[in-house]
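Here the structure comes first, spelled out in structure tokens, and everything after it is commentary.
The values are calculated or read from the model by the stated rules, or taken from the named source; none is laboratory data. In this text the structure is predicted, and so the values were computed from the model without any measurement. Glycine also receives a Cβ, built like all others from the backbone with ideal geometry; neighbour counts cover every protein chain displayed. Side chains are part of the model used for accessible areas, which takes the heavy atoms of the whole protein and leaves out ligands, DNA and RNA. Shrake-Rupley method; radii C 1.70, N 1.55, O 1.52, S 1.80 Å.
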Amino acid sequence: MAKAVLVDITRCIGCRSCQVACKEWHSLPATYEEMRGEYTNPQNLDSKCYTFIDFLDQGKEYAPVWYFVKHQCFHCIDPACVSACPVGALKKLKDGAVVYDQWRCIGCRYCIIACPFQIPKYEWDTTNPWVRKCDFCADRIEMGLKPMCVTACPKDVMYFDDYEKVVAEAKRRINKEPGKYVNHIYGLEEAGGTSWLYISDVPFEKLGFNEKVLKQPYPAITWKHDLSTVLLEEAGLLAILAGIAYFRNRTKSKEGQDG
């Protein structure tokens, strides 16, 4: 059954436990980040950071208030990245996770362009680059465990369960305290629906969320406008890229066996 996560922004204290736990579970290296006079660090998702906390100083009722917003892949119900990939390097699992198979990837980066949330990142700093993003801890979910970020959170900011239960919980909290939360579950309709849902006590546009994301699934839009025809016309280029990827992966595999 598909899983989902509810992020209650009102509960986050900005401790970054989720950020650290994600790096540890995925064996991602710590990187040097230049301080820019603000607390958000790093500034955005990248190939070595699958989730991060954005520190936002927002005024509320004439007083400064800190908001901490967790960012990661939304794991769309009908993902644009999956639809755009011509070789099936990205796929949607039954449990809700959108995962990436680097050995299929040909480096076309269509997924990066297609994503309405600008989530997938490319390893620009290496000669053997891959696409990187949050994988919803699919390996942990398969074992019956919660995603690492959910487990690490000390304030129960994230509620992980079956998709229907998560949606019901989001609605329950809003209905129970209508004066506290804005009447909007971000991710319930955006891009046709996502597996990561958010509730907040201030409008989402004030927290940097993209409110211009369309309500319908993006694959239906792109294919309706003849993306399939475009891909067929580029079949020759894709064949060349596939050949390059094949030899690169074979060389990489051989190096691993020799090591």
Worksheet item: List, please: which pairs have Cβ atoms under 6 Å, are six or more places apart or on different chains, and start with a residue in the stretch 113-124 that is within 15 Å of GLY187 (Cβ to Cβ) and end with one that is open to solvent by less than 30 Å² (accessible area, probe 1.4 Å) and of a type outside the set (A, V, I, L, M)?
Response: CYS115/CYS81; PHE117/PHE74; ILE119/CYS73; ILE119/LYS133
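Search the stretch 209-221 for residues being open to solvent by 60 Å² or more (accessible area, probe 1.4 Å) and not in a helix (DSSP H, G or I), and hand back the single one that is nearest to GLU177 (Cα to Cα). Show your work before the answer.
Filtering the stretch 209-221 down to residues open to solvent by 60 Å² or more (accessible area, probe 1.4 Å) leaves 210-212, 214-216, 220.
Applying the additional criterion that residues be not in a helix (DSSP H, G or I) yields 210-212, 214-216.
Working: ASN210: 25, GLU211: 23, LYS212: 27, LEU214: 28, LYS215: 26, GLN216: 29 Å.
The extreme case among them is GLU211.
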Worksheet item: Given the conditions (1) closer than 23 Å to VAL7 by Cβ; (2) at pLDDT 95 or above; (3) not acidic (Asp, Glu), and given that CYS105 satisfies all but one, which numbered condition is not satisfied?
Response: (1)
Discussion item. Of everything in the stretch 93-110, what is out of contact with any Asp or Glu (no Cβ under 8 Å at 6 or more places or on another chain), in a loop (DSSP other than H, G, I, E, B) and within 23 Å of LYS215 (Cβ to Cβ)? Give them in sequence order.
Written reply: GLY96
Worksheet item: What is the number of the single condition among (1) modelled with pLDDT of 95 or more; (2) under 22 Å from the mean Cα position of the chain (by Cα); (3) farther than 25 Å from CYS108 by Cα that THR194 does not meet?
Response: (3)
Worksheet entry | Where GLY187 falls short, out of the listed (1) without any contact (Cβ under 8 Å) to a residue 24 or more places away in the chain; (2) surrounded by 21 or more Cβ atoms within 10 Å (Cβ to Cβ) | (1)
Discussion item. So THR10 ticks every box in (1) of a type in the set (Ser, Thr, Tyr); (2) at pLDDT below 95; (3) closer than 24 Å to ILE174 by Cα but one. Which box is left unticked?
Written reply: (2)
Worksheet item: Of the conditions (1) open to solvent by less than 10 Å² (accessible area, probe 1.4 Å); (2) modelled with pLDDT under 95, PRO178 fails just one. Which one is it?
Response: (1)
Item to complete: Taking the residues in the stretch 1-53 that are part of a strand (DSSP E or B) and free of Cβ contacts under 8 Å to residues at least 40 places away in the same chain as candidates, determine which candidate is surrounded by the fewest Cβ atoms within 10 Å (Cβ to Cβ).
Response: PHE52
Practice prompt. Go through the stretch 69-80 and give me each residue that's over 15 Å from VAL213 (Cα atoms) and surrounded by 24 or more Cβ atoms within 10 Å (Cβ to Cβ).
Written response: GLN72
Worksheet item: Quick check, is ASP135 surrounded by fewer than 20 Cβ atoms within 10 Å (Cβ to Cβ) and either touching a helix residue (DSSP H, G or I) at 6+ places or on another chain (Cβ under 6 Å) or of a type in the set (D, E, K, R) (or both)?
Response: no
Worksheet, complete the sentence: Scanning the stretch 140-170 residue by residue, the ones that are assigned to a helix (DSSP H, G or I) and loosely packed, with under 14 Cβ neighbours inside 10 Å total 3
Worksheet, complete the sentence: Exception for ASP57 within (1) open to solvent by 30 Å² or more (accessible area, probe 1.4 Å); (2) modelled with pLDDT under 95; (3) of a type outside the set (A, V, I, L, M); (4) in a loop (DSSP other than H, G, I, E, B) falls at (4)
Fill in: The listed residue being over 27 Å from PHE160 (Cβ atoms) and among the basic types (Lys, Arg), out of ARG109, ARG140, ARG132
ARG109
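Tell me yes or no: at least one residue of the stretch 111-127 is in a loop (DSSP other than H, G, I, E, B), among the charged types (D, E, K, R) and at pLDDT below 95.
Yes: the stretch 111-127 contains one or more residues that are in a loop (DSSP other than H, G, I, E, B), among the charged types (D, E, K, R) and at pLDDT below 95.
Taking into account only those residues within the stretch 190-208 that are among the charged types (D, E, K, R) and in a helix (DSSP H, G or I), which is least open to solvent (accessible area, probe 1.4 Å)?
The initial filter retains those residues of the stretch 190-208 that are among the charged types (D, E, K, R), namely 190, 201, 205-206.
Checking the rest, the ones that are also in a helix (DSSP H, G or I) come to 190, 205-206.
Numbers: GLU190: 3, GLU205: 111, LYS206: 109 Å².
Looking at residues that are among the charged types (D, E, K, R) and in a helix (DSSP H, G or I), I get GLU190.
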